[in-house]
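For reference, the structure is listed below as structure tokens.
What follows is calculated from the coordinates using simple rules that are stated; it is not laboratory data. Computed from a predicted structure; not experimentally measured. In this analysis, Cβ positions are derived from the backbone assuming ideal geometry, glycine residues included, and neighbour counts consider all displayed protein chains.
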Amino acid sequence: MPPEMPPETAPGNPPFPQPFDLSFDGRTIHARPGQSVGAALVEAGVVAWRTTRGEGRPRGLFCGIGVCYDCLITVDGRPDQRACLVPAADGMRLESGRTGRDTDARER
Amino acid sequence: MTGPTGHSPRAETTDLVVIGAGVVGAAAAYFAARAGLRVTVVDRGPLAGGTSSAGEGNLLVSDKEAGPELDLALFSQRVWREDLAEHAGLWEFEAKGGLVVAATPGGADALAKLVLEQRAQGIEAVDVPKDELPDYEPHLSPELVSGAFYPQDAQVQPMLVVAHLLRMARQAGARVRTDTEVTGFLRTGERITGVRTSRGPLSAPAVLNAGGTWAGVVAELAGVRVPVLPRRGCVLVTQPLPVMVRHKVYAAEYVGDVASSDAALQTSPVVEGTRAGTILIGSSRERVGFDREVPPPLLAALARNAIALFPFLASVQAIRSYLGFRPYCPDHLPVIGPDPRAPGLWHACGHEGAGVGLSVGTGKLLAQALTDRPTGLDLTPFAPERFEQALPGDEVNPDAP
Amino acid sequence: MRGNADVTADVAVADVAVADVAVVGAGPAGMAAAVEAATAGLTVALVDAGERPGGQYWRHGPHDEGPLAGQHGRRTFAALRAGLVRTGTRTFFGHQVWLIARDADRFTLHLRPTHDGRGPGTRTLTARSLILCPGAYDRQLPVPGWDLPGVMAAGGVQALLKGSGTLAGRRAVVAGTGPFLLPVATGLAAAGAEIVMVCEANPLRGWLRDPGGALREPAKAVEGAQYAALLARHGIPYRTRTVVTEIRGEDRVRSVRIAPLDRDGRPRSGVRIEVDADLVALGWGFTPSLELPLMVGARTRLDTDGSLVAVVDARQRADVPGGPGVYLAGEATGVGGAALAVREGRLSGLAAAGDLGRTIDEGRMRRLQRAIRRGRRFAAALHTATPVPPGWTDWLDGSTLICRCEEVTYGDLCHAARELGAKDPRTLKMLARPGMGMCQGRVCGFATAQVAAALTGGSPSTPSADDLLPLARRPLATPVTLGEIAALGEES
């Protein structure tokens, strides 16, 4: 291994980093460091976390690489994040749908 | 109206050839076919391939000052809401109303004055004091000073307007030939008797130039000058959202920008939602020929202006932008009617940024004139030859392709 | 800085970075381009949406040294990554370019984080030259039920496995065409999933059995033989001339209907089987990401696989208005795989250095050019062997979604074409809205063009470059907040 290897992959990093918890609509799910939130959801048996505007159909991961925007999710209150690209982090709060803006729709 | 052409034995003969399958050409074809004329529509591209597919689909009276354009707008309102009422659902006609807002006390005074003038012209307008603005638009910036609501302002999906008007024209016997470019005119003496196209000649005693922003080029083929210039506009489109903007909302200075003839860039905020959930953000006006390259500062200005009206937009994502070229005439009036300089040639072009709204009124008036009936509106202000009085070379189109 | 695996330190927020050359995309092509350009003495800035180098092909987790053992080109990856460190290449991971503007002699790239939790936004990068290596994503053909959760792009299934160590399902059907289905199936099997079937639409068995054949690409031959052995070892049923015609389930995938294709590439009626599955991985080749090349005005052409790709000269230079300065490498110039992408990347880095006055090894360039021509011939042969079935639209029904974002059905497209007079993909898009949603036609663009061709009398396999172009242009390369757009130009 070359000496100039970046720190996060350098020797000395724990080879099996500790799992942690995050929440999805109030429920606790587990994740490993480096997993995307989409991956953590799928491993927890959650395959859909959004419904479509027109037909209300369930959607989750499709392209898996940030292209299709099917897997949008609210992360720590920020809507429309791509679940396939957001790295899971300890204590992260995931919510289905578009929190905040859906309220406005109901008001109307 | 029929007549032999004597030019080409193979030329197909109809009563009217419409050049241009945009919204104005489609409306003219629809009303002409319904009036009993045999119509052929030709376009070098697909239907609505030019400016018709590059706007927001507004049917506005609120941005019009007194004069012939307002008369045509009010006439068109009646056509949309009466003649075409049964088809409104086909093109997502939405009588959403327009809200004009003022950001400064000075702007509020000017707006109040404009409202008085417009009312005198038959425009419905409601003064909206500051504290009532949230009733119209809950997410509007609290900084705004006053507003005016225009219940007549409406919106349609312009592509669907074109497609359905042409579909119904076809049902009334019209033929639509896309990918068919007009390359010249057939003549008998001075008289225009048809067109030559990339797919063969078409003869007709009347030819209508509905070439939109490219109408000047079509007119040139017939040897007459119609000074239509491209005035570029750019629109940002947001991600689809639940309804956050209910009306067409724009700033009072928009009216001044619409009426201006300045070639330099002007931007004023225009924000509105669509049936698809997206929010459209305009507006810009500049004369840069047919340049399709949008400079980043223009996008920035559109976004800044919109956020000033609706602060929530700062965190909303834009997913695309599009641009189009308004067919602009130096006096901001469209060209509608027969051309005495080339008998047999008619024009319906130069509607600038209001072509969708004015299209159906224009089409109905032309159908009346083509069938020698009295027109619902005096066409004199829109006469094609009115530019002959201008200084020679004054308005030569430098932007023609 | 865990989870933020920049090779060198991140620069501060809202910084304006200046470099000789900006490389967009840190997959095989971009890594190679950056290392070559930097080694030749240029200052290089490298941008990628991922959190670490490697792109889709060399995707790996943050705690992996690199791609997993057995991944092809693993040593090349290690060498390139070391090269990035050695040359002090500035990297911008977790960022996407959403706008590129060109002034007389420099390019300005506007960046944003791939997710908002990564910190605030606008960063600007200016460079004298631009090397675009945006890669590709799975090409899709809609099929009834493909919008059900549990249906994924084959590459997405692979990405989950490589990047997160996550199995997307337990009982999988892998379907579509092309050799990429093989590593997806064997990867899933190795991780413990049951592969019900690999459905390959084309008669590819010959290629698998004798992968060298007329194709003359020794590395690929070895690869094919390895996959054949792996399929056998895992007992994976591999059916050629077979397609998925329907995916069934209420709220997620439950079963899959499979049918053989007839000679015209249409599913044979009456001969269908149904198998239970909780995962369907679909891939019909790849669509190159062209929004950035198109944004700078690159000329395009139709490739042998029917995809729109950018035209480059023998030194990877794009044909753009405003003169030279833009180089393209990898899938954007034609889908050809990682080995070819590395060669093109190297050549583009060398060419950019040469054009900016650095001394470069012309002999090495010629060797790379020969290898690239060889790779292109192989890619073209593979494209020819793995076409989209000409009768694929037969498995659509009126309610099948074509555009997943705007929920536009095949019936909607039929109506727009037959009743409203849409004769080309652009008009179809304007009237029925496929491609107008969040993904801006990335997923449905190819299918929409094919459907348009089929509905208007042409053969569905022959949309032209002109048909594909309006579905590939994206004036904003990625969704971006109006706040960020409003801040354009504030940094200067």
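Among the aspartates and glutamates, select those whose C-alpha is under 15 Å from the C-alpha of C:LYS429, and discard any that sit fewer than 8 residues away in the same chain.
C:GLU406, C:GLU407, C:ASP412, C:GLU419, C:ASP466, C:ASP467
Which lysines have a Cα lying under 25 Å from the Cα of B:LYS364, excluding residues fewer than 8 positions away in the same chain?
B:LYS64, B:LYS96
Most exposed first by the Cβ proxy, i.e. fewest other Cβ within 10 Å, how do B:TYR254, B:TYR30 rank? Before the final figure, lay out each step's value.
Details: B:TYR254 23, B:TYR30 33.
The fewest-first ordering by Cβ neighbours comes to B:TYR254, B:TYR30.
Applying the Karplus parametrisation 6.51 cos²θ - 1.76 cosθ + 1.60 with θ = phi - 60° to the phi angles of segment B:91-98, what ³J(HN,Hα) value in whole Hz is obtained for each residue in order, glycine and proline being reported as x?
Values per residue, Gly and Pro as x: 10, 6, 4, 9, 7, 7, x, x Hz.
Among the DSSP beta bridges whose two residues both lie in chain C, what percent are antiparallel, rounded to the nearest 5? Could the numbers behind the result be given before it?
Details: 33 of 70 bridges.
Within chain C, antiparallel bridges account for around 45 percent of the total.
With θ taken as phi - 60° and the coefficients 6.51, -1.76 and 1.60, list the Karplus ³J(HN,Hα) couplings across segment B:62-79 in order, rounded to whole Hz; mark glycine and proline as x.
The phi angles translate into 5, 9, 9, 8, 4, x, x, 5, 5, 4, 5, 5, 5, 4, 5, 3, 5, 5 Hz.
Extension gain C:THR462-C:ALA190, at 0.36 nm per residue separation less the Cα-Cα distance, in nm?
Values: separation 272, 0.36 × 272 = 97.92 nm, distance 3.80 nm.
The C:THR462-C:ALA190 span can extend by a further 94.1 nm.
Calculated from DSSP H runs of 4 or more alone, at -39500 (n - 2.57) each and per residue, what is the 222 nm mean residue ellipticity of chain B, nearest 500?
Details: 9 runs with 101 residues, N = 401.
Using -39500 (n - 2.57) per qualifying helix, the result is -7500 deg cm²/dmol.
Net charge within 9 Å of B:ARG44 by Cβ-Cβ distance, Lys/Arg positive one each and Asp/Glu negative one each, not counting B:ARG44 itself? Each step should come with its number before you reach the end.
Values: positive: none; negative: B:ASP43, B:ASP179, B:GLU181.
Once all neighbours under 9 Å are counted, the net charge is -3.
Could you tell me the distance between the Cα centroids of segment C:134-168 and segment B:36-58, to the nearest Å?
Cα centroid of segment C:134-168 versus Cα centroid of segment B:36-58: 40 Å apart.
Fewest Cβ neighbours within 10 Å first, please rank C:ILE485, A:ILE73 accordingly. Could the numbers behind the result be given before it?
On the way: C:ILE485 28, A:ILE73 25.
Least to most surrounded, the residues fall as A:ILE73, C:ILE485.
Above 35 Å lies some portion of the pair distances; for chain C, what is it as a whole percent of all C-alpha pairs?
Above the 35 Å cut-off, chain C has 31 percent of its Cα pairs.
Grab the beta carbon distance between B:ARG373 and B:ALA88, set R0 = 30 Å, and tell me the FRET efficiency rounded to 0.05. Walk me through the numbers on the way to the answer.
Working: r = 25 Å, r/R0 = 0.84.
About 0.75, to the nearest 0.05.
Would you list the P(r) distribution for segment B:1-150, with all Cα-Cα distances sorted into 5 Å bins from 0 and each bin expressed as a whole %?
So the P(r) values, bin by bin, are 2, 8, 13, 14, 15, 13, 10, 8, 7, 5, 3, 2, 2, 1, 0.
What per residue convex hull volume, in Å³, do the alpha-carbon atoms of segment C:396-472 yield?
Hull volume over Cα atoms, normalised by residue count, gives 71 Å³.
Calculated FRET efficiency, B:SER260 and B:HIS139, Cβ-Cβ r, R0 45 Å, to nearest 0.05? Provide the component values of the computation, followed by the final result.
Numbers: r = 29 Å, r/R0 = 0.65.
Efficiency computed from Cβ-Cβ geometry: 0.95.
Can you tell me the Rg and the Dmax, both Å, for the Cα atoms in segment A:19-94?
When restricted to the Cα atoms of segment A:19-94, Rg and Dmax are 11.5, 37 Å.
Identify all lysines with a Cα-Cα distance to B:LYS130 below 19 Å; exclude those on the same chain that are fewer than 8 residues away in sequence.
Of all the lysines, those that pass the test against B:LYS130 - Cα under 19 Å, at least 8 places apart if same chain - are B:LYS113, B:LYS248.
Please arrange C:ARG404, C:ARG418, B:ARG170 by how many other C-beta atoms lie within 10 Å of their C-beta, fewest to most. Let's see the in-between values first.
Working: C:ARG404 25, C:ARG418 11, B:ARG170 17.
Starting with the residue having the fewest Cβ neighbours, the order is C:ARG418, B:ARG170, C:ARG404.
Could you tell me, in Å, what Rg and Dmax come out for the Cα atoms of the protein assembly as shown?
Here Rg and the maximum Cα pair distance are 29.7, 94 Å.
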